[in-house]
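Visitor: I am attaching a structure below and will ask some questions about it afterwards.
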Amino acid sequence: MLKTGLTHETKVKVEENMTAGALRPGLVPVLATPVLLAIIENTCYECVMDHLEPGQTTVGTGVNITHEAPTPVGMTVTASCRLKEVEGRRLVFQIEVKDEHEVVSRGDHERFIVDMDKFVAKSRQKAL
């Protein structure tokens, strides 16, 4: 059973393909917000993955974060999360991301525990 207080940290070196400019030519060559969000989601998933039942996973359902500072290519970001709420299958994480100089992002991320097979089957029904 999941309990509040679990923590996890992930370190990621920013590469060229992770920048806003790589996602859309003409934009700045710094860590893109969608990539920042992917790092946050991965960190929160990894925080709880060893505590889930076989066949379960988590999916992101909500995000409320800031993107406060740019991070250039070559710099490492450290994403930290803490599981702050567990309500049935609903999980809420407090997150903070720092680069080598300052806080880059902070906020909350919500995930839900789902049965992977049922979730995938349900999504495939939409294609029919």
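Visitor: Identify all lysines with a Cα-Cα distance to Lys3 below 22 Å; exclude those on the same chain that are fewer than 8 residues away in sequence.
Guide: Lys84
Visitor: Please list, or write none, the lysines whose alpha carbon is within less than 21 Å of the alpha carbon of Lys126, excluding same-chain residues fewer than 8 places away.
Guide: Partners within reach: Lys118.
Visitor: Among the lysines, which have Cα under 16 Å from the Cα of Lys98 when same-chain residues fewer than 8 positions away are ignored?
Guide: Within the straight-line cut-off, Lys98 pairs with Lys11, Lys13.
Visitor: Then there's this: Where the only charges are on Cβ atoms (+1 Lys, Arg; -1 Asp, Glu), what is the dipole of the chain about its Cα centre, to the nearest 20 debye? List each step's numbers first, then the result.
Guide: On the way: 15 positive and 18 negative charges, 97 e Å.
In total the dipole reaches around 460 debye.
Visitor: Starting from the Cα of Lys118, step 7 Å along the direction of its Cβ; do the same at Lys84; then give the gap between the two resulting points in nm.
Guide: Between Lys118 and Lys84, the label points sit 2.9 nm apart.
Visitor: Under the rule of at least 5 residues apart or a separate chain, name every residue whose amide H is placed under 5 Å from the amide H of Met75.
Guide: It is Val14, by chain and number.
Visitor: Any idea what the relative contact order of the chain is, in percent, if you count C-alpha pairs under 8 Å spaced at least 6 apart? Write out the running numbers ahead of the final one.
Guide: Working: 257 pairs, mean separation 36.7, N = 128.
Relative CO of the chain lands at 29 percent.
Visitor: Excluding Lys98 itself, calculate the net charge of residues whose Cβ lies under 13 Å from the Cβ of Lys98, where each Lys or Arg counts +1 and each Asp or Glu counts -1. Can you show the working numbers first?
Guide: On the way: positive: Lys11, Arg106; negative: Glu9, Glu68, Glu96, Asp99, Glu100, Glu102.
Net charge in that neighbourhood comes out at -4.
Visitor: Looking at the stretch 1-57, which GluC sites (Glu not before Pro) are DSSP coil and have at most 15 other C-beta atoms within 10 Å of their C-beta? Walk me through the intermediate numbers first.
Guide: On the way: sites: Glu9, Glu15, Glu16, Glu41, Glu46; in loops: Glu15.
Passing both the DSSP loop test and the Cβ count: Glu15.
Values quoted throughout were computed directly from the atomic coordinates according to the rules given, and no laboratory measurement underlies them. As the structure is a computational prediction, the values presented were derived from the model and not from experiment. FYI the Cβ positions are ideal-geometry reconstructions off the backbone, even for glycines, and counts take in every protein chain you see.
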